[in-house]
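Step one of this worksheet: look at the structure below.
The values are calculated or read from the model by the stated rules, or taken from the named source; none is laboratory data. None of the values given here were measured: they were computed from a predicted structure. Please note: Cβ atoms are built from the backbone with ideal geometry, for glycine as well, and neighbour counts cover all protein chains shown. Keep in mind that these areas ignore ligands, DNA and RNA; they rest on the heavy atoms of the full protein, side chains included. Shrake-Rupley method; radii C 1.70, N 1.55, O 1.52, S 1.80 Å.
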Amino acid sequence: QVQLVESGGGLVQPGGSLRLSCAASGIIFSRYSMSWFRQAPGQQRELVAIITSGGRTNYADSVKGRFTISRDNANNTVYLQMNNLKPEDTAVYYCYGNADLGPRRSMWGQGTQVTVSS
């Protein structure tokens, strides 16, 4: 079974922190670039952060200095540590994987809701 399963979303106050996890199965995880996207109501889905199979990272300007993407290849998991959260961060967060090596494949997770509110 090929799938990505996100977890860790929830309700948090502005200035708070949250860590999202995305567990992959059915793929050779180390060959994949892994990304986090988010989509707020009425908005287009946007790239938040990416970590390549080689460990390079990049971030959207809106989250630089606040969010950190990381991966644990031994556990087939990618994380998004979110600090100093703002109401504008409220969205459904999606995990996405695309193969850098071997057969070209890609897949999306089901999404996890993050709500930042007082």
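Points worth noting:
- LEU80 vs. criteria open to solvent by less than 60 Å² (accessible area, probe 1.4 Å), in contact with a Gly (Cβ under 6 Å, 6 or more places away or on another chain) and modelled with pLDDT of 95 or more: no
- The residues listed here are LYS64, LYS86; of these, the one that is out of contact with any Phe, Trp or Tyr (no Cβ under 9 Å at 6 or more places or on another chain), farther than 16 Å from GLU46 by Cα and modelled with pLDDT of 95 or more is LYS86.
- Yes/no for ARG105 being among the basic types (Lys, Arg) and surrounded by 15 or more Cβ atoms within 10 Å (Cβ to Cβ): no
- Positions within segment 88-110 being of a type outside the set (Asp, Glu), outside any strand (DSSP E or B) and within 24 Å of GLY15 (Cβ to Cβ), in sequence order: THR90
- Only one entry in SER21, SER35, SER25, SER117 is touching a Leu at 6+ places or on another chain (Cβ under 9 Å), among the small types (Gly, Ala, Ser) and either buried (at least 19 other Cβ atoms within 10 Å of the Cβ) or without any contact (Cβ under 8 Å) to a residue 12 or more places away in the chain (or both), namely SER35.
- Residue within segment 42-49 that is open to solvent by 60 Å² or more (accessible area, probe 1.4 Å), of a type in the set (D, E, K, R) and closer than 21 Å to THR115 by Cβ present: yes
- Within the set LEU11, LEU18, LEU85, the sole residue that is closer than 29 Å to GLN1 by Cα and not small (Gly, Ala, Ser) turns out to be LEU18.
- Matching residues, segment 87-99, being surrounded by 14 or more Cβ atoms within 10 Å (Cβ to Cβ) and not β-branched (Val, Ile, Thr): ASP89, ALA91, TYR93, TYR94, CYS95, TYR96, GLY97, ASN98, ALA99
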